[in-house]
Amino acid sequence: MASQDTSELFFNNMRVPQKNLLGTVEGMGFMQLMQELPQERLLVALAGVGAMKLALDLTIDYTKERTAFGKPVWGFQNTRFKLAECNSHYIASSALCDAAIEALLKKELTVQHAALIKYWVTEKQCIVMDECVQLFGGYGYMMEYPIARLYADARVQKIYGGTNEIMKELASRFM
């Protein structure tokens, strides 16, 4: 994402004082990290849901203001159908995430469910962003418009927290 600096860090020949140990047992950092991955994947999915909602709101407003062939773009059946499809992706994704939040709070969010939710939501997020950019026309590809930034940022969601291919691989191990 444009606002974030992504880089690789190396800690060669570095010692951490015992008082700065994270967790209770030395050498268990990777295991502690692995235990938090379902929550991280849920957070990626939640970001996707929020982005879908913003994109829908922006696109609905835009299509109601922008005219083509003498009428608002919203006046074309295709526009309304496309936005209805996008809204269905948003509603379903939101419901999945709501259920996952409940599971997380009960400490019942499993690795496979978090992986599948992250995969599914981010795939739908990219579909929604693509449709919304299309409805913005040429403006949708100009970085001055928020929809262009949402479109660009959506793609990396399928990589964060483990690629979507890895999410499917993880989930398939529990089938």
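Condition check for Lys53 on (1) more than 24 Å from Ala100 (Cα to Cα); (2) modelled with pLDDT of 95 or more: one failure, at (1). For segment 64-74, the criterion of being over 29 Å from the mean Cα position of the chain (by Cα) and open to solvent by less than 60 Å² (accessible area, probe 1.4 Å) is satisfied by at least one residue. Determine if segment 122-135 includes at least one residue that is among the acidic types (Asp, Glu) and in contact with an Asp or Glu (Cβ under 8 Å, 6 or more places away or on another chain). For segment 122-135, residues among the acidic types (Asp, Glu) and in contact with an Asp or Glu (Cβ under 8 Å, 6 or more places away or on another chain): present. Candidates Phe76, Phe69: the one that is of a type in the set (A, V, I, L, M, F, W, C) and under 19 Å from Asp130 (Cβ atoms) is Phe76.
Note on segment 75-95: among residues that are surrounded by 15 or more Cβ atoms within 10 Å (Cβ to Cβ) and not hydroxyl-bearing (Ser, Thr, Tyr), the one that is nearest to Glu36 (Cα to Cα) is His89. Could you list, in sequence order, all residues of segment 96-116 that are open to solvent by 20 Å² or more (accessible area, probe 1.4 Å) and within 14 Å of the chain's Cα centre (by Cα)? The answer is Leu96, Leu116. On the stretch given as segment 1-43, residues that are outside any loop (DSSP other than H, G, I, E, B), of a type in the set (A, V, I, L, M, F, W, C) and within 30 Å of Ala152 (Cα to Cα) total 5. Taking the criterion of being acidic (Asp, Glu) and either under 15 Å from Gly50 (Cβ atoms) or without any contact (Cβ under 8 Å) to a residue 40 or more places away in the chain (or both), the residues of segment 127-157 that qualify are Asp130, Glu144, Asp153.
Taken over segment 1-53, residues that are out of contact with any helix residue (DSSP H, G or I) (no Cβ under 8 Å at 6 or more places or on another chain), among the small types (Gly, Ala, Ser) and either surrounded by 12 or more Cβ atoms within 10 Å (Cβ to Cβ) or closer than 30 Å to Thr110 by Cα (or both) amount to 4. Considering only residues in segment 21-50 that are of a type in the set (Gly, Ala, Ser) and in contact with a Leu (Cβ under 9 Å, 6 or more places away or on another chain), the one that is nearest to Ala100 (Cα to Cα) turns out to be Ala45. Of all residues in segment 98-137, those that are in contact with a Ser or Thr (Cβ under 7 Å, 6 or more places away or on another chain) and either closer than 15 Å to Glu85 by Cβ or at pLDDT below 95 (or both) total 3. Residues in segment 131-138 include none that are open to solvent by 60 Å² or more (accessible area, probe 1.4 Å) and either within 17 Å of the chain's Cα centre (by Cα) or among the hydrophobic types (A, V, I, L, M, F, W, C) (or both). Take Glu123 and tell me if it is at negative phi, among the charged types (D, E, K, R) and either in contact with a His (Cβ under 7 Å, 6 or more places away or on another chain) or open to solvent by less than 60 Å² (accessible area, probe 1.4 Å) (or both). Yes: the conditions hold for Glu123.
The values are calculated or read from the model by the stated rules, or taken from the named source; none is laboratory data. These numbers come from a predicted model, not from an experiment. Backbone-built Cβ (ideal geometry, glycine too); neighbour counts: all protein chains shown. Ligands, DNA and RNA are stripped out before the accessible areas are found, and what is left, the full protein with its side chains, is counted by its heavy atoms. Shrake-Rupley method; radii C 1.70, N 1.55, O 1.52, S 1.80 Å.
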